Amino acid sequence: MLFVMSPTPDPSAWRADIQARLMAAIDAAWALAEHSDDPAVIAKAREKAKLCGQIAATARKVAAMTPAERPGKAGSGRPLDLIADFVRDMEAATTAPAEPPPEPRAAQAVAMRAALAKLKRR
């Protein structure tokens, strides 16, 4: 026998739906136990609450298996936007800056040159 879960485009919608259904079932079990003094009815409500807890634990495990959406680059993730971003990055990488920025001197080299200048050496 093959069981197939129905595909849902948005995992967060599935999570919200299962949470709403579990909360409604727990509320119904609570109301059942609250309005009755019969031990059999209270036991049945307790069983329903335990079952909801087991389903919630399973739902958490299933939700953990679905990958979370990762924030992408500036583009919306569509193929044409990805291509445009790639072309823009390549153009920026291949164009040389007009003037290279001056390289900072190392602190040790500056101190050494000052010491050599005091000794009147190069």
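The values are calculated or read from the model by the stated rules, or taken from the named source; none is laboratory data. Just so it is clear, the model here is predicted, and its values are computed rather than measured. With ideal geometry, Cβ positions are generated from the backbone for all residues, glycine too; neighbour counts draw on all protein chains shown. Note: accessible area is taken over every heavy atom of the protein model, side chains too, but ligands, DNA and RNA are not part of it. Shrake-Rupley method; radii C 1.70, N 1.55, O 1.52, S 1.80 Å.
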Quiz item: What are the residues in the stretch 7-66 that are in a loop (DSSP other than H, G, I, E, B), under 34 Å from the mean Cα position of the chain (by Cα) and not polar (S, T, N, Q), if any?
Solution: PRO7, PRO9, ASP10
Quiz item: Out of (1) among the charged types (D, E, K, R); (2) open to solvent by 100 Å² or more (accessible area, probe 1.4 Å); (3) at pLDDT below 80, the odd one out for ASP81 is which?
Solution: (2)
Practice problem: Consider GLU47 carefully, then state whether it is modelled with pLDDT under 90, open to solvent by 100 Å² or more (accessible area, probe 1.4 Å) and among the charged types (D, E, K, R). | Solution: no
Quiz prompt | All positions within the stretch 9-27 that are modelled with pLDDT of 85 or more and under 15 Å from LYS61 (Cβ atoms) | solution = ILE18, GLN19, LEU22
